[in-house]
Amino acid sequence: MLRRTAAVRLVQWAIGGPLDEAAAYLGITPSLVRFRTNTDFKRWERAGRSPAEFERVLRELGAELRAPRRPLIDYQRRREALRDWALPPDEWDALVSELPPLPGPIRPPVGDRKRQDASVYIWVQVTQGEHLFAPRPIEAEQPRHVQREWALRRNTTWYNLVRPNTFRHYADLRKLLAGYSQQLARDIDSGTGRSSTVNE
């Protein structure tokens, strides 16, 4: 929450206007998560820190961003390129075909639900956004009862994708998704290759 608050405050200082507009600029959707800076600052205070310290650190970070040591990444451009994006089925099939075989007879499912979760993981890597705000077009196309079922399993799959000591299947999948994410980010930033067709 503090990371989200920091990002919104930095954008507000850069572009002016109210906090809600700064949050919208970052793609933070009020319908998906509450954004209240007062609550976030209270959490900071309860941790034994002062709001003035938070403000000071943000000012230092803002000064560094005004004179960066390397070119800044246009994350808004990346979010816009991936606004309604999901892994195409053929590219998903190619990715999972590279997964090393697992011992034993049990095979983890690699259907559309996992393709949606993998798409969210890639979106987070490319945009540095929160998974709560990632588009879920595959899920949106499912019948209501399937959407409810996927929603119930969403956090478990996400946890398995991001935790360091996860099951081998997820660790192997994460490596493939990381490589895909890096290439997709390069494509979007350069304006060539896959970036021109990610929304098709």
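The values are calculated or read from the model by the stated rules, or taken from the named source; none is laboratory data. The shown structure was predicted, so the numbers you read here are calculated from the model rather than taken from an experiment. Note that we place each Cβ from the backbone using ideal geometry, even for glycine, and neighbour counts take in every protein chain shown. When the accessible area is computed, the model is the full protein with side chains, heavy atoms only, and any ligands, DNA or RNA have been set aside. Shrake-Rupley method; radii C 1.70, N 1.55, O 1.52, S 1.80 Å.
Within region 30-53, restricting attention to residues that are open to solvent by 50 Å² or more (accessible area, probe 1.4 Å) and within 27 Å of residue 123 (Cα to Cα), the residue that is modelled with the lowest pLDDT is 32. Are there any pairs, at least 6 apart or on different chains, whose C-beta atoms fall under 7 Å, with the first in region 181-200 and modelled with pLDDT of 75 or more and the second polar (S, T, N, Q), and if so, which? These pairs meet every condition: 181/125; 187/195; 188/195. Taking the numbered list (1) within 15 Å of the chain's Cα centre (by Cα); (2) open to solvent by less than 70 Å² (accessible area, probe 1.4 Å); (3) under 16 Å from residue 84 (Cα atoms) in turn, residue 188 passes all entries but (1).
Considering only region 90-124, state which residues are open to solvent by 70 Å² or more (accessible area, probe 1.4 Å) and assigned to a helix (DSSP H, G or I). Full working, then the answer.
To start, the set of residues in region 90-124 that are open to solvent by 70 Å² or more (accessible area, probe 1.4 Å) comprises 90, 93, 97-98, 101, 103, 105-107, 109, 112.
Within region 90-124, 90, 93, 97, 112 qualify.
Can you name the residue in region 11-28 that is among the β-branched types (Val, Ile, Thr) and either in a loop (DSSP other than H, G, I, E, B) or open to solvent by 40 Å² or more (accessible area, probe 1.4 Å) (or both) and is also modelled with the highest pLDDT among such residues? If we take residues in region 11-28 being among the β-branched types (Val, Ile, Thr) and either in a loop (DSSP other than H, G, I, E, B) or open to solvent by 40 Å² or more (accessible area, probe 1.4 Å) (or both), then 15 is modelled with the highest pLDDT.
Quick check on this structure: which one of 168, 174, 144 is out of contact with any helix residue (DSSP H, G or I) (no Cβ under 9 Å at 6 or more places or on another chain), touching a residue at least 40 places away in the same chain (Cβ under 8 Å), over 26 Å from residue 23 (Cα atoms) and of a type in the set (Lys, Arg)? Show your work before the answer.
Details: 174 fails: out of contact with any helix residue (DSSP H, G or I) (no Cβ under 9 Å at 6 or more places or on another chain); 144 fails: touching a residue at least 40 places away in the same chain (Cβ under 8 Å).
Among 168, 174, 144, only 168 is out of contact with any helix residue (DSSP H, G or I) (no Cβ under 9 Å at 6 or more places or on another chain), touching a residue at least 40 places away in the same chain (Cβ under 8 Å), over 26 Å from residue 23 (Cα atoms) and of a type in the set (Lys, Arg).
From the list 132, 152, 87, 102, the one residue that fits, being modelled with pLDDT of 90 or more and either more than 20 Å from residue 188 (Cα to Cα) or out of contact with any Ser or Thr (no Cβ under 6 Å at 6 or more places or on another chain) (or both), is 152.
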